[in-house]
Amino acid sequence: MTALSRRDFLVTTSAAAGLLVSVNLPAAAAPASASASAKGFAPNAFVHIGDDGQVTLTMPYVEMGQGTYTSIPMLVAEELEIPLGRIRLEHAPPDEKTYGNPLLAGVQATGGSTSIMASWKPLREAGAVARALLIKAAAEQWKVAPDTCRAEAGEVIHTASGRRASYGVLAAAAARLPIPTDVPLKDPKAFKLIGTPAKRLDAGGKVNGTAVFGIDARPVGVKVATLAQSPVFGGRLKRVDDRVARAVKGVRQIVRLDDAVAVVADHMGAALKGLAALEIQWEDGAHGQVSNAQVARELEQATLAAGPVAEQIGDAEAALASARTKIDAVYEVPFLAHATMEPMNCCVHVRPDGCDVWVGTQVAARAQAAAAKVTGLPLEKVVLHQHLIGGGFGRRLEVDGVTRATEIAMKVAGPVKVVWTREEDIRQDMYRPYWLDRLSAGLDDKGRPVAWTHRFAGSSVIARWLPPGFVNGLDPDSVDGAVKLAYDLPNKRVEYLRVEPPGIPTAFWRSVGPSHNVFVVEGFMDELATAARQDPVAYRLALLDKAPRAKAVLELAARKAGWGESLPAGAGRGVSLQSVFGSYLALVAEVAVAADKSVKVRRVVAAVDCGMVVNPNTVRAQIESGVNFGITAALYGEITVKDGKVEQSNFDDYQMLRIDQAPSIEVHIMPSSEAPGGMGEPGTSAVVPAVANAVFAATGRRLRKMPIDLSRA
């Protein structure tokens with residue numbers, strides 16, 4: 001990435017009778033002074049202060065329940081010295097160059113638990129620069145030195161005389177000033193907002209129903225459509241008899257595509273009735289015989305040969321050959337669906353001279369480009385209206401829903417909102433990859449690991465989603481959680497083989513690579529502790545002398561969970577430790593196994609070091625949600641394919657964790673002066689191995705395959 005000067009990095013300009021402060025993350029042309037127009041530069045995130053004192057933050061990241069629309073404004077409010085409630089938020093328009101995420105290769109995307117990490121310094125600097133300009137503007141008007149003034153609660157105050165001026169009054173004058181070249185950020189000891197619990201800014205609208213999600217879009221004259229797509233991946237529409245469907249009251253149109261058919265109606269009820277009345281025949285195509293068994297066989301076969309090396313320390317093969325004890329294991333994890341609360345939906349209005357798209361998406365610029373590609377319109381003729389997202393988990397990092405809705409809208413006069421049924425949402429998902437792993441370890445006479453080899457095969461999402469990120473047969477996501485472990489392993493070799501499942505689309509899923517690797521690594525680490533006849537926590541702690549942050553969270557989680565205390569028969573505790581997404585997290589799960597072999601997770605204790613915390617409420621909420629999401633996967637999550645078709649269709653056969661099944665969750669946050677890490681995903685990847693290890697502690701049955709099924713253990 002091109003190096004940026006501080007002057008290029010922080011830019012100010014006049015706009016709309018106020019002060020506009022911009023942050024320029026990608027290498028792009030920046031105006032030389034504060035008098036340049038707002039259209040002349042490419043900010044990543046910017047703050048506008050109106051002449052009424054209103055502060056508006058245009059958000060380059062989207063809100064999908066993770067708290068971004070509260071924690072990121074806290075960064076600006078802290079340095080700008082205003083109450084959090086004074087900030088109004090706007091969705092950023094699609095603009096890859098302007099709003100690209102620097103931690104996701106410049107793609108305008110919300111994902112990978114990167115929002116706070118990417119915003120931590122730039123948005124604080126934006127607030128600090130704005131504050132400095134406002135203070136200087138006031139000082140010049142009062143003919144005093146800037147260092148005799150301070151900012152407080154949306155005003156600049158001259159300390160000696162007590163004179164005050166609001167930000168709104170000063171904004172226009174501040175915008176005419178030259179850009180400051182060296183504005184210090186606040187010392188963390190002086191923070192008033194950052195690190196304190198803040199209530200969610202978006203909570204009110206979600207409680208009273210005024211919050212607008214993509215599925216709520218209702219442009220004038222909108223029709224509603226639902227659809228059926230080929231149940232076999234890559235299949236085609238052969239024929240459809242729509243005579244009965246057309247007679248359904250409220251049905252307006254039947255739209256045929258190469259691999260789908262949609263019913264357009266006045267409302268969803270009519271569209272569903274029309275869809276049910278269709279008689280459809282499909283051509284299966286090349287993938288009509290694909291099954292999970294076939295996928296597993298291909299992965300197993302692939303792991304018999306060496307693959308590209310993701311990490312090599314010492315000579316693992318030689319150390320393994322001379323080890324006193326050798327342990328081998330094969331682990332396996334299934335396809336998983338996203339099953340977001342808000343099913344896939346997108347509203348599109350195509351006109352000869354333009355196109356409007358209403359959607360909640362994690363990739364605004366890609367969504368805009370998808371609609372432009374279908375319509376053939378220039379990019380600037382496609383207007384994307386961003387909305388809140390009712391659950392993303394990576395599903396809305398994909399634009400297939402936008403493409404499909406635009407294809408349908410091309411054949412409909414006026415706006416049409418395409419809403420997928422839950423069945424379509426699950427059967428036409430893009431799934432967390434299926435992976436198969438082979439591991440071997442060698443132990444010395446004290447049970448300490450002297451060799452570790454890990455070879456695994458599965459789909460690479462990065463290779464499709466961001467091809468430049470797939471280098472020499474490797475991508476950073478697929479190996480995340482398998483490499484750069486906190487443990488001291490003197491001889492280690494990790495290999496990854498890209499094997500794509502025939503016809504089955506794969507995509508990012510909450511915690512993605514670590515959702516697989518942490519389960520495998522922490523399950524196998526427990527196996528080593530068992531082979532060494534040592535306590536699982538003590539065994540791990542002995543390998544963490546070179547990783548003090550990891551060691552500290554493990555010690556804290558174990559202590560708070562009462563590790564070592566007795567439990568009733570049929571109960572057990574399991575532990576996991578990870579360092580992914582820039583955060584350290586240790587979990588202890590407590591489970592109870594009933595006589596019918598059902599498993600209930602009763603308690604989860606988490607200790608986290610995620611660097612400096614912006615909003616502790618968000619950290620706790622994200623661990624809690626991630627834990628419940630991960631427990632769902634551990635107990636129930638499995639997508640199976642037979643004859644080229646996904647067998648699951650709704651929550652009766654793709655079960656979610658129920659409220660009465662959710663465990664008590666305790667979150668303990670370690671104080672830290674390090675830069676923030678990500679928190680949206682770590683809870684999901686950490687809890688699965690903790691639960692599996694707890695089941696072993698309760699039953700003596702080692703779980704190497706998910707989801708948990710004690711009948712096959």
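The values are calculated or read from the model by the stated rules, or taken from the named source; none is laboratory data. Quantities reported herein were computed from a predicted structural model and do not represent experimental measurements. Neighbour counts run over all protein chains shown; Cβ positions are idealised from the backbone, glycine included. Remember, those area values only see protein heavy atoms, side chains included, never the ligands or the DNA or RNA. Shrake-Rupley method; radii C 1.70, N 1.55, O 1.52, S 1.80 Å.
Residue-by-condition table, conditions (1) touching a helix residue (DSSP H, G or I) at 6+ places or on another chain (Cβ under 7 Å); (2) surrounded by 13 or more Cβ atoms within 10 Å (Cβ to Cβ); (3) assigned to a loop (DSSP other than H, G, I, E, B):
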| position | (1), (2), (3) |
| --- | --- |
| A160 | yes, no, yes |
| A173 | yes, yes, no |
| P180 | yes, yes, yes |
| P184 | no, no, yes |
| K189 | no, no, no |
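When both residues are 6+ apart or on different chains and their Cβ atoms are under 8 Å apart, which pairs have a first residue that lies in the stretch 467-486 and is farther than 21 Å from A586 by Cα and part of a loop (DSSP other than H, G, I, E, B), and a second that is aromatic (F, W, Y) and modelled with pLDDT of 95 or more?
So the pair list comes out as G473/Y496.
Restricting attention to the stretch 191-248, report how many residues are open to solvent by less than 50 Å² (accessible area, probe 1.4 Å) and either part of a strand (DSSP E or B) or without any contact (Cβ under 8 Å) to a residue 40 or more places away in the chain (or both).
17
Is there a residue being open to solvent by 10 Å² or more (accessible area, probe 1.4 Å), of a type in the set (F, W, Y) and closer than 23 Å to L489 by Cα anywhere in the stretch 568-581?
So far as the stretch 568-581 goes, yes, one or more of its residues are open to solvent by 10 Å² or more (accessible area, probe 1.4 Å), of a type in the set (F, W, Y) and closer than 23 Å to L489 by Cα.
For V483, state whether it is on the phi < 0 side of the Ramachandran plot and buried (at least 21 other Cβ atoms within 10 Å of the Cβ).
no
What do you reckon, is L103 under 30 Å from E398 (Cα atoms), in contact with a Phe, Trp or Tyr (Cβ under 8 Å, 6 or more places away or on another chain), of a type in the set (A, V, I, L, M) and not in a loop (DSSP other than H, G, I, E, B)?
Considered against the rule, which asks whether it is under 30 Å from E398 (Cα atoms), in contact with a Phe, Trp or Tyr (Cβ under 8 Å, 6 or more places away or on another chain), of a type in the set (A, V, I, L, M) and not in a loop (DSSP other than H, G, I, E, B), L103 comes out as no.
Listed here are the residues, each with its yes/no results for (1) of a type in the set (F, W, Y); (2) over 17 Å from Y431 (Cβ atoms); (3) surrounded by fewer than 22 Cβ atoms within 10 Å (Cβ to Cβ).
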{"residue": "P490", "(1), (2), (3)": "no, yes, yes"}
{"residue": "R498", "(1), (2), (3)": "no, no, yes"}
{"residue": "F519", "(1), (2), (3)": "yes, no, no"}
{"residue": "D545", "(1), (2), (3)": "no, yes, yes"}
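How many of the residues in the stretch 373-389 are surrounded by fewer than 19 Cβ atoms within 10 Å (Cβ to Cβ) and assigned to a helix (DSSP H, G or I)?
4
Given the structure, is R510 touching a Phe, Trp or Tyr at 6+ places or on another chain (Cβ under 9 Å), buried (at least 16 other Cβ atoms within 10 Å of the Cβ), modelled with pLDDT of 95 or more and not in a helix (DSSP H, G or I)?
When the stated conditions are applied, R510 passes them.
Among the residues of the stretch 310-360, how many are open to solvent by less than 30 Å² (accessible area, probe 1.4 Å) and in a loop (DSSP other than H, G, I, E, B)?
10
Please specify each residue of the stretch 664-713 satisfying the condition of being of a type in the set (S, T, N, Q), at pLDDT 95 or above and either part of a loop (DSSP other than H, G, I, E, B) or more than 30 Å from G67 (Cβ to Cβ) (or both).
S672, S673, T699
So which pairs qualify, if the first residue must be in the stretch 257-268 and under 17 Å from G401 (Cβ atoms) and in contact (Cβ under 8 Å) with a residue 24 or more places away in the chain, the second must be loosely packed, with under 15 Cβ neighbours inside 10 Å and basic (K, R), the Cβ gap must be under 6 Å, and the two must be at least 6 apart or on different chains?
Close Cβ pairs (under 6 Å, with a partner that is loosely packed, with under 15 Cβ neighbours inside 10 Å and basic (K, R)) amount to D259/R236.
Any residue at all in the stretch 624-643 that's farther than 23 Å from N517 by Cβ, open to solvent by 40 Å² or more (accessible area, probe 1.4 Å) and assigned to a helix (DSSP H, G or I)?
No, that holds for no residue.
If the Cβ limit is 9 Å and pairs must be 6+ apart or interchain, which residue in the stretch 659-687 that is acidic (D, E) pairs with which residue that is open to solvent by 30 Å² or more (accessible area, probe 1.4 Å) and in a strand (DSSP E or B)?
E666/R603
If only one of G572, G582 is small (G, A, S), within 22 Å of E522 (Cβ to Cβ), modelled with pLDDT of 95 or more and more than 17 Å from the chain's Cα centre (by Cα), which one is it?
G572
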